[in-house]
Amino acid sequence: TANVRTIRDIPLRLLATSRASPGALEVRGEVYMTHEELARLNQLQTERRQRAFANVRNAAAGSLKLLDSRLCAQRRLRFFAHTEGETEGAPLSNHLEFLELARGLGIPVVPHSLPLDSIDDVLGYAEQYFELRHTLDYETDGIVVKVNDFAQRRRLGESSRAPRWAIAYKVELWQATTRLKNIYVQVGKTGVLTPVGELEQVMIAGTKVTRVSLFNAAEIERKDLRIGDMLVVEKAGKVIPHVVRVELEKRSVGARRYRFPQKCPACGSKVVRDAGGVAIRCLNPSCPAQLKERVRCFAQRRAMDIDGFGPTLIAQLVDRGFVRSLPDLYRLKPDRLAELERMRQKSIRKLLDAIEASKGRELARVLTGLAIRHIGERNAQLLAETFGSVANLLRASDNQLARRSGIGAVAARSAYRFLHSPEGRRTIAELRACGVKMPSTKAAGQGRAKLGGQKFVVTGTLDHYSRQEIQELIRRLGGRVTSSVSHETNYVIAGAHPGSKADKARRLGVPLLTESAFLQMIGRPASRALT
């Protein structure tokens, strides 16, 4: 916050405006650095015999992380607002009204924003813009096309990953040519073998690129990639590199075809291609490479949240044979951990405490951590909310899993196969034997009777819980959490500065609960502990 206060575009006090001033205002935007400022900074860096900044993106991000806000102030960062968040007490019906409100309050908004009436107008403007962008003093790689009207946005809704009322249009190509030195294979948590190209180092969009994913064997064949080839490599959105094509006219006589391995490079087991698919997979559940990735997935924050399991520790545990399955994590002893590099008494105790705390994680998080194909965080939540316990999941057919939870036929079949496979049954049984409780998302008792089947929306800043924590609590007690208020919403839990969701709840007659009132309703003390 101290660094952001040094950005002169961001007013420390909002201006008076002719519109109704919002009671609470959330403005979303982007901090950036101009090309002119980068040139000035790099001149200073050169004079000081210090390393120059590679690009404006890294320079801006690094400036915001400085511990001394006086140094950040010297970097002359800029700011644009581009999206509205909460706007309590300021009736807005569309995006252009938000931009007008922000300007009136003294907040700079992204320039070149204008309403267009048809997709043809959008495409025509895009062509003009991509010519214009080369004259701008800031960096951009595309435009965002949004539906202006908020009512239409609500009708369009959003998927679990992105809104359906906005799309990015990026056509900028950040490319370079380099040589493919070698190809090696990585084994993922579900056994998929992913080929990775090792490149001669090349600079693309200000960063060094030495590796690129080649996706699968079919992609290597389709692009006719050979070791020794000169490749055109591109960064999509200046972030993720991928191979565009081979420069065939530069192919040397010694370029070698790559033979995809017939056996897993990690365990030596035979690999098979997915029926009707392109993925080539190791089917050995004891494969050490798969196990390392599964342990990482199991311990991640959105799964079992076991702090301390970094790549180095996971590799040591698996390579030494201390962990041969996920339940082995709960069998680790202090004397074994003491044999590992960089593990001292304090680190060992901290790790064991985190493992012990994870035994109380609810069913949805356990399902997320098991790395079942097609069962990510959202599908795991739907299964846990619908069936409530592992026992109920085991009794359900694949059709029931799909029909009742709405996760889709492919994901349901994958979950069913895992739950009824020898490996799946053994993993779940051993986890329970080790003390992993997997509490029902539909908890029994008073909480379940109160929340079963009811829909909640959480908004504003809470005192005792973060939004994610209280949403997890609602799900554990049998309730459902949605992101928007409608006639089907049973309650809105409103903290400080609740914004437009609270206003909508009042218009629709949806009951508003304070955090304290909600905790009293479920008979729970004001504590952050979820166990």
In Å and whole numbers, how far do the C-alpha atoms of segment 8-126 stretch along each principal axis, longest first?
53, 39, 19
Charge dipole magnitude, Cβ of K and R +1, D and E -1 - segment 34-156, Cα centre, debye nearest 20
880 debye
With all protein chains present and a 1.4 Å probe, the order of Thr87, Thr210 from largest accessible area down is Thr210, Thr87
With all protein chains in place and a 1.4 Å probe, Asp117 shows an accessible area in Å² (nearest 10) of 150 Å²
Distance cut-off 12 Å, percentage of C-alpha pairs in segment 463-506 lying past it:
63 percent
Run the reach check for Lys437 against lysines, Cα to Cα strictly under 27 Å, same-chain hits fewer than 8 apart removed. What comes back?
Lys189, Lys292, Lys333, Lys346, Lys350, Lys359, Lys450, Lys455
Keeping all protein chains in position, work out how much accessible area Asp353 exposes to a 1.4 Å probe, and write it in Å² to the nearest 10.
80 Å²
So which lysines pass the test for Lys170, namely a Cα distance under 20 Å, with those fewer than 8 places away in the same chain ruled out?
Lys146, Lys235, Lys238
When averaged across all projection directions, what area in nm² does the alpha-carbon convex hull of segment 240-281 cover?
5.3 nm²
Restricted to Cα positions, what overall size does segment 1-66 have along the principal axes? Three whole-Å values, descending.
52, 19, 17
Heavy atoms only, probe 1.4 Å: what % of the accessible area of the chain goes to carbon and sulfur, would you let me know?
49 percent
Against the empirical 2.2 N^0.38 Å scaling, what ratio does the C-alpha Rg of segment 292-411 come to?
1.20
With Kirkwood's inverse mean 1/r over C-alpha pairs for Rh, give me the Rg to Rh ratio of segment 218-269, two decimals please.
1.07
Taking segment 153-295 on its own, what percent of its Cα-Cα pair distances exceed 24 Å?
46 percent
Kindly report, to the nearest 10 Å², the accessible surface of Ile314 as traced by a 1.4 Å probe over protein heavy atoms only.
10 Å²
Could you check the spin-label model distance between His487 and Glu247? Points 7 Å from the Cα along Cα→Cβ, value in nm.
6.4 nm
From the C-alpha coordinates alone, can you work out the Kirkwood hydrodynamic radius of segment 332-383, in Å?
12.9 Å
Segment Ile227-Arg211, extension gain: residue separation times 0.36 nm, minus the distance between their alpha carbons
4.4 nm
Three principal axis extents, largest first, for the C-alpha atoms of segment 404-525, in Å?
53, 34, 24
Using the 4.7 Å Cβ rule, please list in number order the cysteines from the chain without any candidate partner.
Cys72, Cys297, Cys434
Could you state the orientation-averaged shadow area of the convex hull built on the Cα atoms of segment 362-410, in nm² to one decimal?
2.9 nm²
Total charge dipole magnitude, the chain, about the Cα centre, Cβ charges on Lys, Arg, Asp, Glu only, Debye to nearest 20
2160 debye
Residues of the chain: accessible area per residue with a 1.4 Å probe, Å²:
55 Å²
Å³ per residue enclosed by the Cα convex hull of the chain:
217 Å³
If all Cα-Cα distances of segment 184-261 are sorted into 10 Å bins from 0 onward, what percent lands in each bin, rounded to whole numbers?
17, 49, 30, 4
With r defined as the distance between the Cβ atoms of Arg70 and Arg28 and R0 fixed at 25 Å, what FRET efficiency is calculated, to the nearest 0.05?
0.40
Once R0 is set to 51 Å, what does the formula 1/(1 + (r/R0)^6) return for the Cβ-Cβ distance between Gln400 and Leu136, expressed as a FRET efficiency to the nearest 0.05?
0.35
Quick test of the membrane-span-like rule: which DSSP H helices of the chain reach at least 27 Å along their long axis (C-alpha atoms) with mean Kyte hydropathy at least -1.0?
none
Taking only the Cα atoms of segment 103-185, how large is their convex hull per residue, in Å³?
213 Å³
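The values are calculated or read from the model by the stated rules, or taken from the named source; none is laboratory data. Note that the coordinates shown come from a computational prediction; the quantities given were computed from them, not determined experimentally. With ideal geometry, Cβ positions are generated from the backbone for all residues, glycine too; neighbour counts draw on all protein chains shown. The area values use the complete protein model at the heavy-atom level, side chains included, leaving out ligands, DNA and RNA. Shrake-Rupley method; radii C 1.70, N 1.55, O 1.52, S 1.80 Å.
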